[in-house]
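As structure tokens, the structure follows; a few thoughts come after it.
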Amino acid sequence: MAELAINGGAPLRPGRWPSWPQQTSATVDNVLTVLSNSRWAVSGPRLDHPGFEERFADEFARFLDVEHCVPTANGTSSLLIALEALGIGVGDEVIVPGLTWVASASTVMAVNAFPVIVDVDPQTMCIDPEAVRAAIGPRTRAVSVVHLYSSVSDLDALRDLCRRHGLALIEDCAQAHGAEWNGRKVGGWGDVGAFSMQQVKLLTAGEGGSAVTRDRELYRRMYQLRSDGRSRVAAPRPNEMELSMTGEVMGSNYCMSELAAAVLSGQLRELPAQNTHRAANARALDALLEEIPGVTPVAALPQVTRRTYYYYAFRIDPEAFAGHRAETVAAALQAETSAPFQPVYPPLPRHPLLRPATKRRYDAIPGIEKITEQMLPGAETAYREQVTLHHSALLAEPERMGELAEAIAKVQRHAGDLTAPSTASDNPL
Ligand SMILES: *Cc1c(COP(=O)(O)O)cnc(C)c1O
């Protein structure tokens, strides 16, 4: 009975997995360069060369093959300035996916618009274009989609829908730095691509973000919106300010510090090789999991020409796992391997952080309390049946993928010995 580690048995292979984030000498050098001069943010007088914030914006735009990048304080503020730059506000609706981080909805609420939550495609766990089509109404202004875990949303279908209905498309790329759709990086397919560089993402400075676009006018507005309404001086000379008091819109301060930009400039150099390493390990894991009953890795849509893995995800068939939920199986896998296995997000309507009743500000959005009452079968199924593994484990040596597969096979074989936590089915954490 005590075969499984979670029941007191011996772990299959108690091992250490690569830590995340990963420091590099370029990252350290960049940070020391910032500390040794007097300009720690864009609001300091310019030195005799471009600061890291400007450098990183250029490097990241080049990496994504887009024209413009506005570095921001975090992914949430990138989404916020995207919505504001698109002119979305009171009385508008924005369609968002039902399986995502809570920022997808909270940023829409922050501009006093209504987040219309729709179900996800059970194959990719990304927003279902058919559900989007059904949700479009006279107040719809934009669709804010998320490229979730290792998937890219169906950008062909979504762009087509948005074009035909005159809607803006926001791509939330917080989980997909470097993924490609039909040979071009995500982030440049929608009107705006919003990125997060928070601690656990594929590219990180601890906190940070970027909003990218091909549209010069949107760029100008987003730049001002994150710079307290100040505009960017075209060609500032040394000792001059880079921000001038001459913007056209009222903004807030969502600027990225030079320290974060210095880290990101160093980390971006590693990203392509890290993405390649993770993808090779993911493919190896795909092949190994094929041998295990009731286990199916999430497949990408055929248009995904380069896949990234923020979280590697696989479905467990409840029949092959004694009826257990992903949450229970993930805990057992963690106990066997010490690797970062987890269930997916709770469906957005019942996400514990989506609490529209707690801020008086949301009184301005009629009917907002109803968003927590929705039932989304696709998101519910994903929450019950999808297990994920954080990308740091995919940075391990290729041989170690076998350990992960062995652990999944062991937990599957002994699934009858598992006990669900008493709160399992209702506790969304
Ligand atoms: C992380 C994340 C965000 C928020 O980014 P922050 O940098 O934490 O503000 C938004 N959307 C998605 C899909 C995310 O994964």
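Quick rundown of the values:
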read-out	value
Mean accessible surface per residue for the stretch 283-354, computed with a 1.4 Å probe while every protein chain stays in place, in Å²	39
Among Glu54, Glu207, Glu240, residue whose mean-square fluctuation peaks in a GNM of the chain (springs only between Cα atoms under 10 Å)	Glu240
Label-point separation, Asp317 to Ala273 (7 Å along Cα→Cβ), nm	4.1
Rg(Cα)/(2.2 N^0.38 Å) for the stretch 225-283, N = residue count	1.71
Bins of 10 Å, starting at 0 and running to the largest distance - Cα pair percent for the chain	5, 21, 29, 25, 15, 4, 1, 0
Sparsely packed GluC sites (Glu not before Pro) within the stretch 257-325, loop by DSSP, other Cβ within 10 Å at most 12	Glu290, Glu291
Bridge type composition, the chain - antiparallel percent by DSSP, nearest 5	65
Antiparallel DSSP beta bridges within the stretch 1-150, as percent of all bridges there, nearest 5	10
Using a Förster distance of 41 Å, the FRET efficiency for Ala10-Met375 (Cβ separation, nearest 0.05)	0.45
Label-point gap, in nm, between Leu395 and Ser36 - each point 7 angstrom along Cα→Cβ	2.6
Residue-averaged [θ]222 nm for the chain, counting only DSSP H segments that reach four residues, each worth -39500 (n - 2.57)	-10000 deg cm²/dmol
Angle between the chain longest axis and helix 25-36 axis [Cα atoms, degrees, rounded to 10]	40
FRET efficiency estimate (nearest 0.05) - Cβ-Cβ, Lys359 to Asp228, R0 25 angstrom	0.60
Cα long-axis angle, helix 216-226 against the chain (0 to 90 degrees, to the nearest 10)	80
Glu248 paired with Gln199, simple spin-label distance in nm, labels 7 Å along Cα-to-beta-carbon	4.1
Relative contact order (%) - criterion: Cα under 8 Å, at least six apart; region: the chain	22
Label zone at Asp48, where the point sits 7 Å out along the Cα-to-Cβ direction: the stretch 237-272 residues whose backbone N lies under 18 Å	237-241
Relative compactness, the stretch 1-130, computed as alpha-carbon Rg over 2.2 N^0.38 Å	1.59
Sparsely packed trypsin sites (Lys or Arg not before Pro) within the stretch 1-103, loop by DSSP, other Cβ within 10 Å at most 13	Arg16
Helix 401-413 axis, angle to the chain major axis (alpha carbon atoms, nearest 10°)	50
Ranked by how many other beta carbons lie within 10 Å on average, peptides 409-420, 243-254, 81-92 from highest	81-92, 409-420, 243-254
For the chain: lysine pairs under 30 Å (alpha-carbon distance), excluding those fewer than 8 apart on one chain	4
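The values are calculated or read from the model by the stated rules, or taken from the named source; none is laboratory data. For clarity, every value in this text was computed on a predicted model and none was experimentally measured. In this analysis, Cβ positions are derived from the backbone assuming ideal geometry, glycine residues included, and neighbour counts consider all displayed protein chains. These area figures cover heavy atoms from the full protein model, side chains too; ligands, DNA and RNA do not enter into them. Shrake-Rupley method; radii C 1.70, N 1.55, O 1.52, S 1.80 Å.
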